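What follows is a short report on a single structure.
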Amino acid sequence: MFKKIGIFLQMIKFEHTVFALPFAFMGALLGSMVMSGSLPSWRDIGWIIIAMFGARSAAMGLNRLIDRVSDAKNPRTAGRAIPAGLLKVGEVIAFIAFSFFLLFWAAFKLNPLSAKLLPIAVFLLVFYSFTKRFTWACHLILGLTIALAPLGGWVAVTGKVDWTAMVFYFTIVFWTAGFDVIYSCQDVEFDRKEGLQSIPVRFGVAGALKIAKVFHILTGLGFISLLFLAHLSWWYITGMVIAYIILFYEHHIVSPNDLSRLQTAFFTMNGVLSIVVFSFTLIDLVVQTYK
């Protein structure tokens, strides 16, 4: 049983939760402080964790299920659970159904708006996995999907959506789209052969890396906007500056002629960025609360 659980966690890349979960917590923190001037309750944090696990597990399970044929053809992905025969299609479908159950359960436990927004969330979670088949803008669709984490965290504790929440949402949209463009550069030849769409396929690796830089510049502008909209201070600024350094380094170590450090740019740097921004935001808000 434990071996099977490990295979499921490997299938959904559980370690990649570090990308979105810190920003979900940050959305909850900002929303609670902006709306009520207090930190979110542990009850809300618990349901946010369950909702995040359900949403991300369902999305990754769907992606692996829908892409199983192309994954089997790609040497980089042929070892994934379904094409490698480690999991059966029926098992993955049951896993997806259970994951959606967790998402729905948590959303209804949080507040009415969380429940009302479920159709949008489910649509994006399902729709994204098909987008690479017909549009090079698939990276932006992924961004719109992943950024539901901070927006969901905000809605979970406030039951509302305002301009600050939307600025944070689109900040994470462009951050996600940017690093996904970089990551997809490694599959450009395979994607062309299979007729799959992406920004690297449409604009070439060099053009794609330039577009990724533009996306991350927009991310940087979004972080600056949050500084003023959420009335943050020097602790947040420190985390924001570190995030800028990380983004600069991420683009510095990847070039059209050298993608050898792409995994570092994709996983390590972005995982560190999300934790850093959340941690310094948390310190900022705790200091403001108890000073």
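The values are calculated or read from the model by the stated rules, or taken from the named source; none is laboratory data. In this text, all values refer to a predicted model and were calculated from it rather than measured experimentally. Heads up, the Cβs are rebuilt from the backbone with ideal geometry, glycines too, and the neighbour counts pull from every protein chain shown. For accessibility, only protein heavy atoms count, side chains too; no ligands or nucleic acids. Shrake-Rupley method; radii C 1.70, N 1.55, O 1.52, S 1.80 Å.
Across the stretch 174-189, rounded Karplus estimates of 3J(HN,Hα) from the backbone phi angles (6.51 cos²θ - 1.76 cosθ + 1.60, θ = phi - 60°) give 6, 4, 5, 4, x, 6, 6, 4, 4, 4, 6, 4, 6, 10, 4, 5 Hz, Gly and Pro being marked x.
Solvent exposure of Ser225, expressed as accessible area, is near 50 Å², computed with a probe of 1.4 Å over the protein chains only. With every protein chain left in place, what is the accessible area of Leu117 in Å² (1.4 Å probe, nearest 10)? Accessible surface of Leu117 is approximately 60 Å².
Simple spin-label estimate for Ala94 and Ala78 gives 2.9 nm between the two label positions (7 Å along the Cα-to-Cβ direction from each Cα). If you take the Cα centroid of the stretch 178-220 and the Cα centroid of the stretch 21-67, the two points sit 27 Å apart. Taking only Cα atoms and a 10 Å spring cutoff, compute GNM fluctuations for the chain and point out the largest among Asp162, Asp180, Asp67. Most flexible of the set in this elastic network: Asp162. Computed with a 1.4 Å probe on the full set of protein chains, the accessible area for Tyr183 sits at about 40 Å².
Within the listed set Thr131, Thr171, Thr219, the Gaussian network model of the chain (springs between alpha-carbon atoms below 10 Å) gives the highest mean-square fluctuation for Thr131. Largest mean-square fluctuation among Phe223, Phe174, Phe190, in a Gaussian network model of the chain whose springs join Cα atoms under 10 Å apart, belongs to Phe190.
In the chain, helices alone account for a calculated mean residue ellipticity at 222 nm of -25500 deg cm²/dmol, with every DSSP H run of four or more residues adding -39,500 (n - 2.57). For the stretch 148-291, the residue among Gly153, Gly220, Leu196 whose Cα projects farthest onto the positive side of the dipole built from Cβ charges is Gly220. For the set Lys13/Lys109; Lys193/Lys213; Lys88/Lys132; Lys3/Lys193; Lys73/Lys213; Lys3/Lys210, the pairs lying more than 32 angstrom apart at their alpha carbons are Lys3/Lys193; Lys3/Lys210. A Cβ-based charge dipole, computed about the Cα centre of the chain with Lys and Arg at +1 and Asp and Glu at -1, lands at about 540 debye. Relative to one another, the C-alpha centroids of the stretch 108-134 and the stretch 238-291 are positioned 27 Å apart.
Of the trypsin sites (Lys or Arg not before Pro) found in the stretch 62-105, those in coil by DSSP whose Cβ has at most 15 other Cβ atoms within 10 Å are Arg76, Lys88.
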